[in-house]
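Heads up: the structure comes next, in structure tokens.
The values are calculated or read from the model by the stated rules, or taken from the named source; none is laboratory data. Small disclaimer: the values here were computed from a predicted structure and weren't measured. Cβ atoms come from the backbone with ideal geometry, glycine included; neighbour counts cover every protein chain shown. We work out accessible area using only protein heavy atoms, side chains counted, and drop any ligands, DNA or RNA first. Shrake-Rupley method; radii C 1.70, N 1.55, O 1.52, S 1.80 Å.
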Amino acid sequence: MSATANRGYLSPLHRLSALGQSVWVDFLSREHIRGGRMRQLIEDDAVVGATSNPTIFQKAMTADGHYDEGLRELADQGLGAGEIFWRLAEEDVGEACDLFRALWDRGLGRDGYTSIEVDPRLAYDARETYNEAMRLHEEIDRPNLLVKIPATKPGLAAIEDVTAKGRSVNITLIFSLRRHAEVVESYLRGLERLIAAGGDPRGVHSVASFFVSRIDTEADRRIDELGGHDHLKGRLAVANAKLAHQHYREVFRGPRWEFLASKGATPQRVLWASTSTKNPAYPDTLYVEELIGADTINTMPEDTIAAYQDHGRPLPRLGHDLAGAHAVFEQLAGAGVDYDDVTDTLEREGVEKFIASFAQLTDALAAKLASLTPA
């Protein structure tokens with residue numbers, strides 16, 4: 001029996017969805033897809049999409065034996081650990097796309113997506129990022145696939161080029177308002193190039209993954225170092241997200257956008273990523289409650305999904321108190337917190353962490369292969 005039926009009323013996440021925000025799960029594994037857990041999340045928890053990254057695959061592929069058979073088969077073909085990872089990841093993402101396909105069809109491409117990230121080691125190489133994104137689209141070959149490209153400076157060019165080729169992109173590791181504006185511009189230019197070349201934008205979709213909790217983690221650390229400004233802790237992430245959403249609302253209107261929309265283009269929705277609460281002093285649903293708004297997405301880890309189903313109180317809060325959000329920026333600047341340095345640091349560290357996870361993953365797969373291969 002579903003959680004909704006057990007409760008006797010619409011669950012908090014179903015009510016959140018009714019307010020126009022899509023719930024995606026920030027996890028993916030073979031066990032989840034084939035064992036029924038992903039379908040349960042769809043049915044009970046209003047989940048309509050899934051995201052993955054190198055850290056997520058590292059946890060999934062090295063945790064248990066669900067990948068052992070596939071590892072053996074691919075090893076027998078003479079493939080190395082890196083090649084084996086991509087084969088397994090592409091299989092998982094393709095199967096997840098198939099699982100979500102009915103939702104994608106029913107919603108005319110609004111939701112039902114699964115994301116896979118390009119090799120994080122390519123984050124500062126625009127041409128190779130483009131090549132890898134196109135390869136992943138060709139290999140997985142699902143209309144409801146989003147390929148994730150990091151929002152580094154070189155990544156912006158790849159985002160535009162992939163969009164111009166009619167492919168869908170999830171732009172990840174967005175921390176700053178400036179970078180978000182540049183990401184939106186890359187998407188718009190890509191659509192304009194696609195249409196100018198006679199292409200059809202109706203099959204192109206994009207989300208801008210704006211990271212949340214890491215903002216507070218870094219800003220709070222700096223506030224602690226400065227001392228005397230504890231009242232500003234835990235406030236920047238939500239303020240930052242609110243102003244990003246304000247920009248989204250402003251840019252996807254007016255003559256430029258109306259022309260693209262008349263050709264069938266769809267807006268690049270904002271996706272709230274990194275929404276688990278890192279600081280135990282903060283409510284465990286903080287980055288869900290404060291960022292509920294229509295035409296947005298929140299991709300949540302399973303623990304956050306469970307917490308919100310238990311005690312979430314969905315209301316459309318995202319557009320409230322924008323003046324207060326601006327004030328947070330002013331107060332932090334006055335206290336000596338350099339916003340640009342915070343976000344630049346987080347972008348750099350985000351890429352580094354994904355590269356480290358990818359290296360750990362391939363090392364762990366190589367070790368696992370050695371243990372599975374007869375001497």
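Worth a mention:
- Along its principal axes, segment 160-263 has C-alpha extents of 58, 24, 16 angstrom, given from the largest down.
- Only one residue of Val238, His320, Val183 has its Cα farthest out toward the positive end of the dipole of the chain, where Lys and Arg carry +1 and Asp and Glu -1 on Cβ, and that residue is His320.
- Scanning the chain for chymotrypsin sites (Phe, Trp or Tyr not before Pro) lying in DSSP loops with no more than 15 further Cβ atoms inside 10 Å, the longest uninterrupted stretch between such sites is 125-375.
- At a probe radius of 1.4 angstrom, the accessible area of the chain per residue rounds to 41 square angstrom.
- Semi-axes of the equivalent ellipsoid for the chain, Cα gyration tensor, largest first, Å: 31, 25, 23
- Ranking Gly336, Thr51, Ser206 by Cα position along the charge dipole of the chain, where only Lys, Arg, Asp and Glu carry charges on their C-beta atoms, puts Ser206 farthest toward the positive end.
- Too-long pairs where the Cα-Cα distance tops 28 Å, listed order kept, from Lys242/Lys353; Lys148/Lys278; Lys148/Lys242; Lys165/Lys353: Lys165/Lys353
- Around the Cα centre of segment 190-300, unit charges on the Cβ atoms of Lys, Arg, Asp and Glu (plus for the first two, minus for the last two) sum to a dipole of about 420 debye.
- Apportionment of accessible area to carbon and sulfur, the chain, percent (1.4 Å): 50 percent
- Cα pair distances in segment 235-286, grouped into 5 Å bins until the bin that holds the longest one, percent each: 4, 16, 21, 17, 13, 10, 8, 6, 4, 1
- Within a straight-line Cα-Cα reach of under 17 Å, Lys368 can be paired with the following aspartates and glutamates, leaving aside sequence neighbours fewer than 8 residues apart in one chain: Asp64, Asp68, Glu69, Glu73, Asp76, Glu83.
- Scattering from segment 41-169 was approximated by placing one identical point on each alpha carbon and applying the Debye formula without solvent; log10 I(q)/I(0) at 0.10, 0.15, 0.20 1/Å stands at -0.35, -0.77, -1.20.
- Taken over segment 118-184, the ratio of Cα radius of gyration to 2.2 N^0.38 Å equals 1.02.
- A helix-only calculation puts the chain at -18500 deg cm²/dmol for mean residue ellipticity at 222 nm, using -39500 (n - 2.57) for each DSSP H run of at least four residues, averaged over all residues.
- Cα-based values for segment 171-229, radius of gyration first and Dmax second, are 17.6, 59 Å.
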